[in-house]
Amino acid sequence: MKYQFLLIAVLLSFISCKKDAEKSEEKREIASYTIEQFMDNESVFGGSFSPDNSKLLVTSNRSGIFNMYTVPTGGGDFTPLTTSDSASVFAISYFPEDERILFRMDDNGDEIYKIFVMDGDSISRLTPATNARALFYGWSRDGKSFYYGSNQRDSRYTDVYRMNTMTFTPELIYENNDAYDFGGISPDGNYLALSKALNTNDSNLFIYDFRNKKLVQVNTAQSGNNAQDFSKDNKFLYYTTDAAGEFSALMKYDLEKKTSEEVSKKKWDIVGMGFSENGTYRVMYVNEDAANKVEVLNAKTGKALDLPKFENAFITGISISRDERMAILNVGGSHTPTNLYSYDMESGKHTRLTNVLNKDIDQRDLVSAEVIRYESFDGTVIPAIYYKPLTATAEDKVPALVWVHGGPGGQSMQNFSSFIQYLVNHGYAVLAVNNRGSSGYGKTFFQMDDQNHGEKDLQDCVEGKNWLASQPEIDPDKIGIIGGSYGGFMTMAALAFTPEEFDVGVNIFGVTNWMRTLQSIPPWWESFKEALYLEMGDPNTQDSIRLKKISPLFHTENVTKPLLVLQGSQDPRVLQIESDEIVENVRKNGVPVEYVLFEDEGHGFVKKENQIEAYEKTLKFLDTYLKGKKEEGEVKEIKT
C-alpha cells in the first residue's frame with residue numbers, strides 16, 4: 001500500500017508539473033523576426049578533410065555570398081580563403097596528398113562552371129574560359145589526377161577528361177557522342193559507368209571497358225537505373241534500380257560474370273550509396289517519406305554503425321575522410337538549419353563545428369514540419385508537408401499558402417527553409433504539396449503527370465487548398481499559391497486556369513511558355529532533352545498544340561488575382577523573357593502586379609542581399625493582398 005501511495009503521489013506530481021509546463025508554454029509569446037534575422041542564419045556545406053585531417057574545407061555564405069573557408073576539425077574559428085563579393089565560390093576538395101584546393105565558379109548563376117586550383121595565395125583556372133562548362137567527377141585512386149566532364153568539344157555533349165595534378169594537362173579519355181551521363185570510374189581506371197535516359201524515370205545503364213573499348217548494357221528490363229559506386233576490388237558496380245518494384249533497391253553487378261544480385265531493399269527509394277576510400281564503410285541514403293535518412297554499415301560484417309543521436313535534429317549526410325578515421329556529419333531538421341560536426345570513426349566522439357542559427361532567434365519559435373496526406377479529386381492520395389504557425393488556432397485563424405516545388409519531378413523535403421520559416425513566423429500556414437509526378441513515392445506516382453501537366457497535377461494543388469480550407473486554424477477565404485521554376489508554372493497555371501481558387505500568386509522564375517522553354521534549354525541538357533520531351537511534349541511536333549494550351553502566357557486574360565513575379569536575368573533554364581511577358585500581359589487586365597528582377601542571379605537566388613529583398617517583398621505583397629485582403633476594386637498596383 002505504501003508503494004502504491006507513493007506511486008500515486010509521484011503520478012499526481014508529474015501531472016501537475018506537466019499542466020504547469022503547458023500553462024507556461026501557453027503564456028510564452030512567439031517572437032516575430034525580420035527577414036534580416038532569418039537570413040543571418042548561415043548556410044555551410046561541403047566537408048573535405050585536409051590530408052592530415054586537421055582542417056575541413058567548407059563553403060559558407062556568412063559574408064553574404066558563398067565563399068570558401070577552413071575550420072579546425074577540433075573546433076574553432078573559420079578562416080576565409082576567398083572574399084568574392086560578386087560570383088559565388090564553391091569549394092570542391094583538398095588535394096589528397098597536399099593542401100592545394102579545387103573550387104568552382106560560374107558567372108552569377110549562368111551555370112557555366114569553371115574549375116580552379118588554389119595553391120597558397122595563387123589561383124589558376126584549369127578549364128577553358130570559352131563558353132564551356134566543367135564538372136568535377138572525382139579523384140583517381142592514387143590521388144595524382146582527377147576526372148572531370150566538359151562540353152568544350154561540343155556544347156551538347158559532356159566528355160570525360162583526366163587532369164594530371166602535377167602538370168595540369170587535361171587528357172580526353174572518353175569522347176561522348178551519344179549523350180550519355182557519367183556514372184563513375186572504377187578505382188583501377190579500367191571501367192566507366194554510363195547511363196542513357198529513356199524518359200524522366202527510366203534509363204539504360206552501361207559499362208564501358210577502356211581496355212577493349214566495348215560497351216555492355218547492365219540492365220535487362222526498362223527501368224530506372226542509377227550507377228552508385230564501384231567496389232574497391234574492381235569486381236562490382238553497385239547501382240540502384242526500380243526494376244522489381246515501385247521503389248529503387250540497391251544491386252551489385254559482377255563485371256566479369258555480367259550478372260546482378262540484390263544487396264538491399266527498403267520500403268522507400270534508396271537514392272544514394274557509396275564506399276569510403278578503402279571500402280571499410282558503405283554509406284546508404286534513403287528517401288523516407290520526404291526525409292533523408294543515412295545508414296552507415298561495416299562493409300564486411302554488414303553491421304550498422306551506432307551513429308550519435310541529436311536532440312530535435314537528424315543526421316542527413318556524412319562524408320568520410322580519405323584515411324577513414326574521421327567523418328563530417330550534416331545534422332539538421334525541418335525547424336533546425338544544418339550544422340556540421342566532426343566525428344571520430346573509432347571513438348565515436350563528435351565535435352560541433354558550426355552554430356548556424358542566428359543567436360537572436362529562439363529555436364522554440366521555429367515550426368517543425370508535419371507530413372499529412374489528403375485525397376485528390378480522383379481518389380489519388382497526395383502527400384504534403386504542413387507548416388502551421390505556432391499562434392494559429394480555431395479562434396485565431398491564419399491565411400495560408402500552397403507551396404509547389406520545382407521540377408517537373410521534384411519533391412518538397414522535410415528540410416529547413418529560412419524562407420518558409422519567415423512566412424510561417426509572420427502568420428502564414430504553408431502546405432508544401434507533393435502533387436502527382438513528384439519523386440519519392442514510387443515510379444507509378446512519379447509518372448502520373450506525364451503529358452498531363454497543368455491539369456491533374458494542378459487539381460492536386462487545388463485539393464491541397466481545399467484541405468487547408470477545412471482546417472480549423474485556417475481562414476478559408478485567404479489562401480494563395482507560391483512556387484519556383486516548375487512551381488512557378490503551377491502558380492501561373494492556377495491563376496490562369498482556376499482563377500477563382502486562389503487569392504494571390506507568387507511566381508518565382510516560373511515557366512509561362514512551354515514551347516519557348518523546351519526549345520531554348522541549355523545545350524548541355526542534350527542527354528536529357530528527349531526524355532524531357534517525352535514527359536512534357538516535343539515543341540517541334542503536334543505536341544505544341546497541347547503545350548500552348550497549358551502555357552499560362554496565352555491565357556493571361558483569365559488572371560484576376562494579385563501577382564508577384566521574381567526572376568534572375570542570368571537564368572539559363574527559364575529565360576527572363578518568360579517573366580517579362582507574363583508581367584506585361586497580366587498588367588493589361590488591371591491586376592495588381594509586382595515584378596522583382598535581379599541582374600546578378602540565375603535559376604535560384606544565392607546572394608543574401610537579393611534573398612532578403614525577394615523574401616521581404618514577398619511578405620509585404622502577401623500582407624497587402626492576402627492577410628489584409630481588400631475588397632475587389634480597392635486594390636492598387638504595387639510599384640517597383
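Taking the Cα centre of segment 180-269 as origin and assigning +1 to Lys and Arg Cβ atoms and -1 to Asp and Glu Cβ atoms, the resulting dipole is close to 200 debye.
In this simple spin-label model, placing a label point 7 Å from the Cα along the Cα-to-Cβ direction at both residue 31 and residue 455 gives a separation of 5.1 nm.
Annotation: extensible slack from residue 122 through residue 246 equals 39.6 nm (criterion: 0.36 nm per residue apart, minus Cα-Cα distance). In the chain, a dipole from Cβ-located charges (positive for Lys and Arg, negative for Asp and Glu) runs towards its positive end, and of 591, 447, 469 it is 447 whose Cα lies farthest in that direction.
The share of Cα pairs per 10 Å bin across segment 309-393, counted from zero up to the longest distance, runs 15, 33, 25, 18, 8, 1 percent.
Excluding residue 373 itself, calculate the net charge of residues whose Cβ lies under 14 Å from the Cβ of residue 373, where each Lys or Arg counts +1 and each Asp or Glu counts -1. Display every interim value, and only then the final one.
Working: positive: 436; negative: 289, 370, 375, 460, 463.
Surrounding charge for residue 373 is -4.
Database remark: amide H of residue 448 closer than 5 angstrom to the amide H of 437 (H placed geometrically; neighbours at sequence offset of 5 or more, or on other chains; Pro and chain starts carry no H). Select from 567, 212, 103 the residue farthest towards the positive end of the dipole of the chain; place +1 on Cβ of Lys and Arg, -1 on Cβ of Asp and Glu, and compute about the Cα centre. Of the options given, the answer is 212. Ordering 367-378, 209-220, 577-588 by mean Cβ neighbour count within 10 Å, with the highest value first, yields 577-588, 367-378, 209-220. Looking at this model, which pairs from 267/548; 196/465; 55/608; 293/397; 114/443 are more than 32 angstrom apart at the alpha-carbon? 267/548; 196/465; 293/397; 114/443, as the Cα separations exceed 32 Å there. The listed peptides 115-125, 240-250, ordered by packing as a protection proxy, come out as 240-250, 115-125 (highest mean of other Cβ atoms within 10 Å first). Structural descriptor for segment 367-627: relative contact order 17 percent, calculated from alpha carbon pairs under 8 angstrom and at least 6 residues apart. With the charge dipole of the chain set up from +1 on Lys and Arg Cβ and -1 on Asp and Glu Cβ about the Cα centre, the Cα lying farthest toward the positive end among the listed residues 481, 404, 319 is that of 319.
When you count the other C-beta atoms within 10 angstrom of each residue and take the mean per peptide, 484-496, 99-111, 227-239 line up highest first as 484-496, 227-239, 99-111. Length gained on full extension, residue 179 to residue 309: 42.5 nm, using 0.36 nm per residue less the C-alpha separation.
Divide the volume of the convex hull of the Cα atoms of segment 367-627 by its number of residues and quote the answer in cubic angstrom per residue. The partial results should precede the final answer.
Numbers: hull volume 31.1 nm³, N = 261.
Dividing the Cα hull volume of segment 367-627 by its residues yields 119 Å³.
Expressed per residue, the C-alpha convex hull volume of segment 180-269 stands at 89 Å³.
Listed by chain and number, the lysines whose alpha-carbon sits under 22 Å from that of residue 257, ignoring those within fewer than 8 places in the same chain, are 213, 214, 232, 235, 300. Normalised by 2.2 N^0.38 Å, where N counts its residues, the alpha-carbon radius of gyration of the chain equals 1.01.
All other residues with a Cβ under 10 Å from the Cβ of residue 143 taken together, and with Lys, Arg as +1 and Asp, Glu as -1, what is their net charge?
On the way: positive: 141, 144, 322; negative: 97, 98, 142, 277.
Charge balance in the 10 Å sphere: -1.
Treating only the Cβ of Lys, Arg, Asp and Glu as charged (+1, +1, -1, -1), what charge dipole size does the chain show about its Cα centre? Round to the nearest 20 debye. Let's see the in-between values first.
On the way: 67 positive and 92 negative charges, 264 e Å.
Here the size comes out at about 1260 debye.
Note: relative contact order over the chain, using C-alpha pairs below 8 Å and six or more positions apart, is 10 percent.
Taken together, the values in this text are just the output of simple stated rules run on the coordinates, not laboratory data. None of these values were measured; they are calculated from a predicted model. Don't worry about glycine lacking a Cβ; one is built from the backbone with ideal geometry, like all the others, and counts go over all protein chains shown.
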